[in-house]
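Shown next, in structure tokens, is the structure this report addresses.
The values are calculated or read from the model by the stated rules, or taken from the named source; none is laboratory data. Please read these numbers as outputs of a predicted model, since none were measured by experiment. FYI the Cβ positions are ideal-geometry reconstructions off the backbone, even for glycines, and counts take in every protein chain you see. Heads up: the accessible areas ignore ligands, DNA and RNA and are worked out on the full protein's heavy atoms, side chains in. Shrake-Rupley method; radii C 1.70, N 1.55, O 1.52, S 1.80 Å.
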Amino acid sequence: MKFIITIMGLCIFLFSPVIAGTIDPNTPDSKYIEYGDKFNSVTKLCCYDGKNTFCGSAVVIDPHWIVTAAHVVENCHSWTITLANNKQYKLSKMIAYPKYNFNIFGEFDIALGYSEEYIELDGYPELYTDNDEVGKLCSMAGWGLTGTFNTGVSKSDGKRRGGANFIDRIEKKVLICSPSKSNEKMTELEYLICSGDSGGGLFIDGKLAGIHSSVLGYDGKPDSTYKDESCHTRVSLYADWIKTTMENKGEKKK
């Protein structure tokens, strides 16, 4: 049986969305932190629902727009992103994909946020629009909890980490990755998302191809250990919606 964990904030739920990722126990953590620093577009995202603050990750794709996982911002009415230099930007709009439903696994877990203030970065990732993700080498980054594939999620230190993996397959419209022990399939920075990474980015050839969504646990503990799998919303399916929403500044055409 598969158990699903969402990776929003620092809370773990069965059958709910993902925390910075777990890493290969044989590779120094400093390498993952150094690699994570390359992803300036991957930011912290915190939202407030009137009682509590929840934090995850997001990707800045334009000077005024971010993309994240819809489950991170669900039921919230204020949102703030924080860059690695601690510069903060308040978001004035948040638009979830119209068909998003928390209870439907693997579909529509994507949202766009708008900042009135110009978000200044050195560059903004393009969207991946090809239909050939399976088998591709990908890079991932996010802010959240961490640990190793042996220990699973074990601590939070507020640092962004990045790593790499291969996309195993597509299931229920999401990209699936898993940590490998096989030398033929291992990357130099083998990596799996976990709590707080939700909304962060998966990249193919430098383009945004996935949004971190959830973790599947086959042992009843979806804690991002060996044999667990990560799920990433497939950006290529939503590229047209993203572009149209940005062009219309989040307003519906009459």
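The set of residues in segment 48-58 being among the hydroxyl-bearing types (Ser, Thr, Tyr) and open to solvent by 10 Å² or more (accessible area, probe 1.4 Å) consists of 48, 53. Scanning segment 191-222 for residues that are modelled with pLDDT under 90 and surrounded by fewer than 24 Cβ atoms within 10 Å (Cβ to Cβ) yields a count of 6. The strands (runs of 3 or more DSSP E) located wholly in segment 101-177 that include 1 or more residues which are among the charged types (D, E, K, R) occupy 152-171.
Look through segment 129-165, keep the residues that are β-branched (Val, Ile, Thr) and crowded, with 24+ Cβ neighbours inside 10 Å, and return whichever of them is farthest from residue 81 (Cα to Cα).
The first filter runs over segment 129-165 and keeps only residues β-branched (Val, Ile, Thr), leaving 129, 134, 146, 148, 151, 153.
Among the residues that remain, those that are also crowded, with 24+ Cβ neighbours inside 10 Å are: 146, 153.
Details: 146: 20, 153: 24 Å.
Result: 153.
For segment 85-98, does any single residue satisfy the condition of being β-branched (Val, Ile, Thr), out of contact with any Cys (no Cβ under 9 Å at 6 or more places or on another chain) and farther than 20 Å from residue 240 by Cβ? Taking every residue of segment 85-98 in turn, none turns out to be β-branched (Val, Ile, Thr), out of contact with any Cys (no Cβ under 9 Å at 6 or more places or on another chain) and farther than 20 Å from residue 240 by Cβ.
Going residue by residue through segment 45-66, is there one that turns out to be assigned to a loop (DSSP other than H, G, I, E, B), closer than 19 Å to residue 158 by Cβ and not aromatic (Phe, Trp, Tyr)?
Initially, segment 45-66 is screened for residues assigned to a loop (DSSP other than H, G, I, E, B), giving 49-52, 63-64.
Next, only the ones that are closer than 19 Å to residue 158 by Cβ stay: 52.
Checking the rest, the ones that are also not aromatic (Phe, Trp, Tyr) come to 52.
Yes, segment 45-66 contains a residue that is assigned to a loop (DSSP other than H, G, I, E, B), closer than 19 Å to residue 158 by Cβ and not aromatic (Phe, Trp, Tyr).
A single entry from 81, 61, 104, 119 fulfils the requirement of being open to solvent by less than 60 Å² (accessible area, probe 1.4 Å) and either more than 16 Å from the chain's Cα centre (by Cα) or of a type in the set (Asp, Glu) (or both): 119. The numbered conditions (1) part of a loop (DSSP other than H, G, I, E, B); (2) closer than 19 Å to residue 230 by Cα are all true for residue 85 except (2). Sub-6 Å Cβ pairs linking a first residue in segment 231-254 that is open to solvent by 70 Å² or more (accessible area, probe 1.4 Å) and outside any loop (DSSP other than H, G, I, E, B) to a second residue that is at pLDDT below 90 and polar (S, T, N, Q), at least 6 apart or interchain, number zero.
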